[in-house]
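Report on the structure given below.
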């Protein structure tokens, strides 16, 4: 049999458990949060843990994405400045392609081109808010350096990228070699050529040199041969001439080897200086290039008109190397304007793609937050119903305990 003391202790422990359950429910209602203990609901706890891990990963992606967005915004700003600079370069090339300009005007254009070169070099070596170069790829240090032979690219020509998610790689920049070019194709080589074209001795040279019937041809000396177009009464063709010292005989032979195609003949000048050219009409020389790929930075060909008795009638006129021809510089400048517009648009597209990805992450985070809220937040209606049930149960239990505890042996014997 259970004694009155044992019965009372059992009832008190039951009442205590009910009080604790009621207190817990009241606490949840006041805080609005479910019991965080794993033991309270293991399945819910596991789901919450997975959602917290996912949210942490999304937060990390967001932080990385915002840094990348700042980098792309900086790149976009720099390329906007560079695009303006390249348009300025085109304007300089266009104005330089004007034979009526004075030497002072050409000198002013040269100063503008030199200033622009420094400005674009500084832009090409710009860094992002983290201090990393924008255009050197994954290589450390400045993307471009001033070398004796001009501005040289020293990046690794790779496109920077970040990992956003397990299977998502987002590009965060463009290779400097792609944006500014490298070697002779770079915007800096073009600027150097424009500056050279605005400086002596190239400034006074012409894209095409002409003479009638007789002229003296003088050639510079260098190790590599040159080629140029020679035209006369019979037509036009390309001729290659050696320029090494003592090669005058080979030069005359090369010109005479195509005389049937041009109508231009060559012989040693009577005074031993230069080569005498003769034709039954006009002669023109143009398109001076190097078959070895070494582009000359100075004129190597000059032509001087002679009268019928062989005396000079004008000053010698130098021939511009083909890559320094005014029309060529203008065409290259125009191409750079279009190219830089494409690069600017490409960076804009990368920024737009990254913004879309960040929006997707934000939407996913919102969904995760809502799921976590549903798991964390207490169900008010359900909890109130359960609390009311516990209160009624407690009240009934207490009434039963009082009634049973108040009975005596005589109450059972009646």
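Which of the residues spanning region 307-328 are surrounded by 13 or more Cβ atoms within 10 Å (Cβ to Cβ), in contact with a strand residue (DSSP E or B) (Cβ under 8 Å, 6 or more places away or on another chain) and not in a loop (DSSP other than H, G, I, E, B)? 317, 318, 319, 321, 322, 323 - these are the residues of region 307-328 that are surrounded by 13 or more Cβ atoms within 10 Å (Cβ to Cβ), in contact with a strand residue (DSSP E or B) (Cβ under 8 Å, 6 or more places away or on another chain) and not in a loop (DSSP other than H, G, I, E, B).
Number of residues in region 249-264 that are surrounded by 17 or more Cβ atoms within 10 Å (Cβ to Cβ) and under 51 Å from the mean Cα position of the chain (by Cα) equals 5.
In the set (1) over 43 Å from the mean Cα position of the chain (by Cα); (2) within 12 Å of residue 285 (Cα to Cα); (3) buried (at least 16 other Cβ atoms within 10 Å of the Cβ), residue 229 fails one condition alone, (1).
Report whether or not residue 89 is surrounded by 18 or more Cβ atoms within 10 Å (Cβ to Cβ), in the same structural domain as residue 168 (by TED's automatic domain parsing) and either in contact with a helix residue (DSSP H, G or I) (Cβ under 6 Å, 6 or more places away or on another chain) or not in a helix (DSSP H, G or I) (or both). First the steps, then the outcome.
Values: surrounded by 18 or more Cβ atoms within 10 Å (Cβ to Cβ): yes; in the same structural domain as residue 168 (by TED's automatic domain parsing): yes; either in contact with a helix residue (DSSP H, G or I) (Cβ under 6 Å, 6 or more places away or on another chain) or not in a helix (DSSP H, G or I) (or both): yes.
Spelling it out, residue 89 is indeed surrounded by 18 or more Cβ atoms within 10 Å (Cβ to Cβ), in the same structural domain as residue 168 (by TED's automatic domain parsing) and either in contact with a helix residue (DSSP H, G or I) (Cβ under 6 Å, 6 or more places away or on another chain) or not in a helix (DSSP H, G or I) (or both).
Return only the number of the condition from (1) in contact with a strand residue (DSSP E or B) (Cβ under 6 Å, 6 or more places away or on another chain); (2) touching a residue at least 40 places away in the same chain (Cβ under 8 Å) that residue 220 does not satisfy. That leaves (1) as the condition not met.
Filter region 272-297 down to the residues that are farther than 21 Å from residue 256 by Cα and touching a strand residue (DSSP E or B) at 6+ places or on another chain (Cβ under 8 Å) and list them by number. Can you show your working first?
Quick first cut of region 272-297, residues farther than 21 Å from residue 256 by Cα only: 292-297.
If the condition is that a residue be farther than 21 Å from residue 256 by Cα and touching a strand residue (DSSP E or B) at 6+ places or on another chain (Cβ under 8 Å), then 295, 296, 297 are the ones that fit.
Residue count for region 293-306, restricted to those that are part of a loop (DSSP other than H, G, I, E, B) and surrounded by 19 or more Cβ atoms within 10 Å (Cβ to Cβ): 3. Residue 246 satisfies every condition listed in (1) part of a loop (DSSP other than H, G, I, E, B); (2) in contact (Cβ under 8 Å) with a residue 12 or more places away in the chain except (2).
Scanning region 92-131 for residues that are without any contact (Cβ under 8 Å) to a residue 12 or more places away in the chain, part of a loop (DSSP other than H, G, I, E, B) and within 20 Å of the chain's Cα centre (by Cα) returns a single hit, 131.
This table checks each residue for (1) under 23 Å from residue 340 (Cβ atoms); (2) modelled with pLDDT of 95 or more; (3) touching a strand residue (DSSP E or B) at 6+ places or on another chain (Cβ under 8 Å).
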| site | (1), (2), (3) |
| --- | --- |
| 57 | no, no, no |
| 86 | yes, yes, no |
| 92 | yes, yes, no |
| 110 | yes, yes, no |
| 132 | yes, no, no |
| 137 | yes, no, no |
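The values are calculated or read from the model by the stated rules, or taken from the named source; none is laboratory data. Model, not experiment: these values are computed from the prediction. Glycine also receives a Cβ, built like all others from the backbone with ideal geometry; neighbour counts cover every protein chain displayed.
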